[in-house]
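Asks: Below is one structure. I have some questions about it.
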Amino acid sequence: MSHLKTNVLAQYVTTPEAVTIDRYDEMLNVLPPENWKRLGGFPGEYFQLCEYYAGNVTSYFVKLDDSRCFTFRDCAWLNPQQVLDKIADVVGIVRG
């Protein structure tokens with residue numbers, strides 16, 4: 001991917017923000033989820049939308065086992081640990 005294209009797509013990456021459990025469920029059921037997985041080393045799950053926002057940027061939806069839910073946009077190839085890292089500061093996850 002060219003440097004210019006990478007910079008253009010970077011403008012679509014967002015920081016995590018809270019959403020309701022209803023919004024999480026709505027997005028889970030609107031289209032088939034992509035990469036629906038458990039979070040690495042933390043109780044929760046996430047999925048990506050199969051319809052990408054722009055280029056390789058897609059929306060992620062995260063639900064922790066305590067029912068707190070979050071969304072953000074990032075590159076489509078994040079693994080569970082990277083998703084957890086992305087939301088850690090926002091949700092107050094303390095890692096050792």
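Rule-based calculations on the coordinates, nothing more; no lab input. This one's a predicted model, so the numbers in the text were calculated from it and none came from an experiment. Every residue, glycine among them, receives a Cβ derived from its backbone with ideal geometry; neighbour counts consider all protein chains shown.
Asks: So what is the calculated 222 nm ellipticity per residue for the chain, using -39500 (n - 2.57) for each DSSP H run with n of 4 or more, over all residues, to the nearest 500 deg cm²/dmol?
Replies: When only DSSP H runs of four or more count, the value is -9000 deg cm²/dmol.
Asks: Now for a separate question. As a footprinting exposure proxy, order Glu51, Glu34, Glu45 by other Cβ within 10 Å, with the fewest listed first.
Replies: Fewest-to-most Cβ neighbours within 10 Å comes out as Glu51, Glu34, Glu45.
Asks: Kindly put Tyr53, Tyr46 in sequence by how many other C-beta atoms sit within 10 Å of each C-beta, fewest to most.
Replies: Taking fewest neighbouring Cβ atoms as first place, the list is Tyr53, Tyr46.
Asks: In addition: Taking 8 Å as the Cα distance limit and 6 or more residues as the minimum spacing, I'd like the relative contact order of the chain as a percentage.
Replies: The normalised contact order for the chain reaches 30 percent.
Asks: Could you put Arg38, Arg68 in order, starting from the residue whose Cβ has the fewest other Cβ atoms within 10 Å?
Replies: Arg38, Arg68
Asks: If I take R0 = 25 Å and measure r between the Cβ atoms of Val90 and Asp65 in this structure, what FRET efficiency does the formula 1/(1 + (r/R0)^6) give, to the nearest 0.05?
Replies: 0.95
Asks: While we're looking at this one, here's another question. Mind listing the phi-derived Karplus ³J(HN,Hα) values for region 51-57, rounded to whole Hz, using 6.51, -1.76 and 1.60 with θ = phi - 60°, and x for any glycine or proline?
Replies: 9, 6, 6, 6, x, 9, 9
Asks: Shifting gears a bit: Which residue, Thr14, Thr71, Thr58, tops the fluctuation ranking in a GNM of the chain built on C-alpha contacts under 10 Å?
Replies: Result for the chain, Cα springs under 10 Å: Thr14 fluctuates most.
Asks: Mind listing the long-range amide H neighbours of Val19? Cut-off is under 5 Å, sequence gap 5 or more, other chains count too, H placed in the peptide plane at 1.01 Å from N.
Replies: Long-range HN contacts for Val19: Cys69, Phe70, Thr71.
Asks: Can you work out the Karplus-derived ³J(HN,Hα) for every residue in region 68-80? Use 6.51 cos²θ - 1.76 cosθ + 1.60 with θ = phi - 60°, whole Hz, and x for glycine or proline.
Replies: Going residue by residue, I get 6, 10, 9, 9, 6, 10, 6, 4, 6, 9, 5, 8, x Hz, with x marking Gly and Pro.
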